[in-house]
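Worksheet: the structure to be examined is printed underneath.
The values are calculated or read from the model by the stated rules, or taken from the named source; none is laboratory data. As the structure is a prediction and not an experimental result, all values here were calculated from the model. Cβ placement follows ideal geometry from the backbone for every residue including glycine, while neighbour counts extend to all protein chains displayed. Heavy atoms of the whole protein, side chains included, go into the accessibility calculation; ligands, DNA and RNA do not. Shrake-Rupley method; radii C 1.70, N 1.55, O 1.52, S 1.80 Å.
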Amino acid sequence: MLEWNAAAETILGACADSLDSPGDLSAALRNLIAGVPAHFAAGSLSWIVIRNAGDRPVIMTEEGVVTPDGSVIVALLDRQPRTGPNPETLRKMFGLTGAETQLALRLASGDAPLEIAERSRLSRTTIRTQLASLFAKTETRRQAELVALLGRISVLP
């Protein structure tokens, strides 16, 4: 079984005409890693940067786990900058409501809770309640810890 996320589809799609079959995916991965200076064996790859002609480099790693059926898990990281976490990823990952998601995005962009309350025309109590819910759902305790987590999540599709 083959699975990939939108970032991997974009990266690999640039390396192949189609990604409809395992052979297509394999060919796309071979094209992608053709520029890697060192040859590596399955299960031995650590993080590497793959430079593309005229494009941003791609960061790739292969998990050191080979499944019983011989499959290998490969992670590709698109270095295209993101302004913040993907709202849908946040909702799915932590079970956030729409209001909690918007609050998280505003915090990730650097807004202070009281500033968010004023601009949103919400009470400070409402924002504090939503913030408390964010802490509980993300298992964080402080705003700085939450913002750091949101920054790490920003690399996810």
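The table that follows gives values for the structure above.
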item: Hits in region 95-139 - residues which are in a helix (DSSP H, G or I) and hydroxyl-bearing (Ser, Thr, Tyr); result: 101, 120, 125, 126, 129, 133, 138
item: Verdict on residue 151 being at positive phi and in contact with a helix residue (DSSP H, G or I) (Cβ under 9 Å, 6 or more places away or on another chain); result: no
item: Region 130-157 residues that are modelled with pLDDT of 95 or more, paired with ones that are of a type outside the set (Val, Ile, Thr) and not in a helix (DSSP H, G or I) (beta carbon under 7 Å, 6 or more apart); result: 135/141; 137/95; 137/96
item: In region 90-117, the residues that are in contact (Cβ under 8 Å) with a residue 12 or more places away in the chain, more than 11 Å from residue 150 (Cα to Cα) and under 15 Å from the mean Cα position of the chain (by Cα); result: 93, 94
item: Pairs with Cβ under 6 Å, 6+ apart, first in region 25-40 and closer than 11 Å to residue 13 by Cα, second modelled with pLDDT under 75 and open to solvent by 40 Å² or more (accessible area, probe 1.4 Å); result: 25/2
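Listed here are the residues, each with its yes/no results for (1) in contact with a His (Cβ under 8 Å, 6 or more places away or on another chain); (2) among the hydrophobic types (A, V, I, L, M, F, W, C); (3) open to solvent by 50 Å² or more (accessible area, probe 1.4 Å); (4) over 20 Å from residue 84 (Cα atoms).
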{"residue": "115", "(1), (2), (3), (4)": "no, no, yes, no"}
{"residue": "119", "(1), (2), (3), (4)": "no, no, yes, no"}
{"residue": "123", "(1), (2), (3), (4)": "no, no, yes, yes"}
{"residue": "128", "(1), (2), (3), (4)": "no, no, yes, yes"}
{"residue": "136", "(1), (2), (3), (4)": "no, yes, yes, yes"}
{"residue": "143", "(1), (2), (3), (4)": "no, no, yes, no"}
